[in-house]
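To keep things clear, I will list the structure first and then write my remarks on it.
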Amino acid sequence: MASPAFEAVVEDFEFLGDWEERYRHVIEMGRAMDPLEDALKVPATKVQGCASQVWLVPRVDGEGPEAVYHFAGDSDAQIVRGLIAVLQALYDGQPAEAVVATDAPVQLARLGLDSHLSSQRSNGLRAMVQRIRETAAAAAAAA
Amino acid sequence: MFDVAAIRDQFPILKREVNGTPLVYLDNGASAQKPQVVLDRIMQAYGQDYANVHRGLHTLSTLSTEAYEGVRGKVARFLNAPSEEEIVLNSGTTEAMNMVAYSWAAPRLQPGDEIVLSVLEHHANIVPWHLLRERQGVVLKWVDCAPDGSLDPQAVIDAIGPKTKLVAVTHLSNVTGTVVDVAAISRGAREKGVPVLVDGSQGAVHMAVDVQALGCDFYAVTGHKLYGPSGSGAIWIAKERLAEMRPFMGGGDMIDTVTRDAVTYAPTPMMLEAGTPGIVSTIGFGTALDWMMDIGMDKIAAHEAGLRDYAAERLGGLNWLQLQGTAPGKAAIFSFTMAGAHAHDISTVLDRKGIAVRAGTHCAMPLMEHLGVGATCRASFGVYNTVEEVDRLVEGLELCQDLFG
């Protein structure tokens, strides 16, 4: 079981049909997500390795084993924004240690998104997950 | 007579499906697909006739050398160059531009000397000059295009000053499809005694090129965009300029004699072709040029003009689509943006519909900045594309508008 928020997303996707419906839903999730303030869209928060522009702003409450991971993010591409919303459901509010332990590709595969969307290097999903895991690992280690 | 169905039939890859639908390949500006004759020639070159070139006297080496050297003449014919001795074979336009920068420009240019280039240029015709700017203080002098993407040849000529040593321009923009009047630019530059280097990566694909009529000094082409293998290409260099070239890369093939203390060089064009070249890719490139010349560049251009007109009408009818580049006489290359949707959103959805387009900045960041767009989608047509594929593109874009608009 992943986070309750992500399990809810998985449940939503179970009712969706072809790729077009799934894409539509991902795009809707992105639209429903709060945009990032422009002041936070700076080089330090920008994720390299994405074809479109992506920013991730992590925040960790607490320290060591009690550390809880939060993050906000944004992209100028709608599909990527949607993927960030999916990642938010997967990771936001989780213990930092659980974030590190989560196998993102396995969880994302449960959404039945085509491999194109979930594995493509250029859309930056890989780079985003890496950034999330790095910042969470740093927080979990800072005991 | 031009039969697009018969042309398509020669491209095995066009028979495949992508994401469950027949492939619509509209990324020809990035690289073109290869006809069966080119694939067969590659197989024959590796399977029957392969050995290194210029080195052995055995049968295979002779066959390989003859096939490889034969390409020089094909390129000369394709560009109507005065002599095949003025053709340098290489891996493509990027190598060509770097060679001209290193071998011709670097030894001649002093700090403060200028290179005039247009904002339409591809990075391959920008970054080599930036390297000279960094290394030896060469100044890059830019000429802007009009809002429709057209480039006024007089503006380029007017930019030539007493310190200008080279004009480096594209023949055809890979982003906007603008055709640049290279003949007019060359005439004006010649009056001022300044050589002209033309990036023909796109131009030679879509129209008949006659370097003697253009009156330029350098004309570079890329094999993989000309329906040939990747890693092949050539540059024509006018005799007077060729005599001014210094060696570029050092190694085998480009020398006459080497001793512990000295080296003498082979005559051009060999002097500029160090090391074992892309033998088979070059041989395949020659076959691709023969294939294009057999069809006839005028027929290819006429077919693509039809596609351009139809696509301009269909895409122009989508009032939520912004076309970047509408210069008169442009080629069948369409860059566009859609309010609310990123170029990557569009290309991702189009790909899902089996349509391959490019999204991004197209190795032309200064042009993107000039046009005021972060990224565009680009549909670039080739000899095998059809009006039905224009319709498929429009259908795909309508779905994008539905999803993102």
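The alpha carbon radius of gyration of chain B, expressed as a multiple of 2.2 N^0.38 Å, is 1.00.
Of B:VAL383, B:VAL100, B:VAL37, the residue with the greatest mean-square motion in the GNM of chain B, using alpha carbon springs below 10 Å, is B:VAL37. Note on chain A: GNM, Cα springs under 10 Å; of A:LEU108, A:LEU125, A:LEU36, the largest mean-square fluctuation is that of A:LEU36. The share of C-alpha pairs in region B:1-89 whose separation exceeds 20 Å stands at 58 percent. Here the sum of -39500 (n - 2.57) over DSSP H runs of 4 or more residues, divided by the residues of chain B, equals -11500 deg cm²/dmol at 222 nm, to the nearest 500.
With a 10 Å Cβ neighbour count serving as the proxy for reagent exposure, in which order, fewest first, do A:ARG31, B:ARG352 appear? Could the numbers behind the result be given before it?
On the way: A:ARG31 13, B:ARG352 21.
Ranking A:ARG31, B:ARG352 by Cβ neighbours within 10 Å, fewest first, gives A:ARG31, B:ARG352.
Please give the average number of partner chain Cβ atoms lying within 10 Å of the Cβ of each residue in A:77-88, rounded to a whole number.
Details: counts 11, 10, 9, 4, 2, 1, 0, 0, 0, 0, 0, 0.
The per-residue average across the peptide is 3.
For B:HIS171, the shell of other residues with beta-carbons less than 14 Å away shows a net charge of -3, using +1 for Lys and Arg and -1 for Asp and Glu. Global dimensions of region A:4-141 from alpha-carbon coordinates: Rg and Dmax equal 14.3, 43 Å.
Counts of other chain beta carbons within 10 angstrom of each beta carbon in peptide B:343-352 average 6. Restricting to chain B, compute how many DSSP beta bridges are antiparallel as a %, nearest 5. In chain B, approximately 60 percent of DSSP beta bridges are antiparallel ones. Evaluated over chain B, the count of Lys pairs having alpha-carbon atoms less than 25 Å apart is 25 (only pairs 8 or more residues apart or interchain). Distance from the alpha carbon centroid of region B:14-61 to that of region B:286-337 works out to 24 angstrom. Quick one: B:THR94, B:THR21, B:THR259, fewest Cβ neighbours within 10 Å first, how do they rank? Listed from fewest to most nearby Cβ atoms, that is B:THR259, B:THR21, B:THR94. Dividing the helix sum by the residues of chain A, where each DSSP H run of 4 or more adds -39500 (n - 2.57), gives a mean residue ellipticity at 222 nm of -15000 deg cm²/dmol. Near B:PRO128: Cβ cut-off under 12 Å, other residues only, Lys/Arg at +1 and Asp/Glu at -1. The net charge is -2.
Near B:ALA379: Cβ cut-off under 15 Å, other residues only, Lys/Arg at +1 and Asp/Glu at -1. The net charge is -3. Mind pulling up the Rg/Rh value for region B:87-156? Radius of gyration and Kirkwood radius, both on Cα. Checking Rg against Rh, the ratio lands at 1.01. Each residue of region B:224-241 was assigned a 3J(HN,Hα) from its phi angle through the Karplus expression (A = 6.51, B = -1.76, C = 1.60, θ = phi - 60°), giving 6, 8, 9, 6, x, x, 5, x, 10, x, 7, 9, 8, 10, 4, 3, 4, 6 Hz with x at Gly and Pro. Maximal additional length on extending the B:ALA302-B:GLN136 stretch stands at 55.3 nm, based on 0.36 nm per residue less the C-alpha distance.
Using the empirical formula 2.2 N^0.38 Å as the baseline, the Cα radius of gyration of the protein assembly as shown reaches a ratio of 1.10.
Legend: ranking of residues B:CYS377, B:CYS400 from fewest to most surrounding C-beta atoms inside 10 Å; resulting order B:CYS400, B:CYS377.
Given the Cα-Cα distance of B:LEU57 and B:GLU369 and 0.36 nm per residue of separation, how much length would full extension add, in nm? List each step's numbers first, then the result.
On the way: separation 312, 0.36 × 312 = 112.32 nm, distance 5.46 nm.
Gain on stretching B:LEU57 to B:GLU369: 106.9 nm.
Here the label points at B:ASP256 and B:ASP294, each 7 Å from Cα along the C-beta direction, are separated by 4.1 nm in the simple model.
Taken together, the values in this text are just the output of simple stated rules run on the coordinates, not laboratory data. Since this is a predicted model, take the numbers as computed values, not measurements. Because the Cβ atoms are built from the backbone with ideal geometry, glycine has one as well, and the counts that use them run over all protein chains shown.
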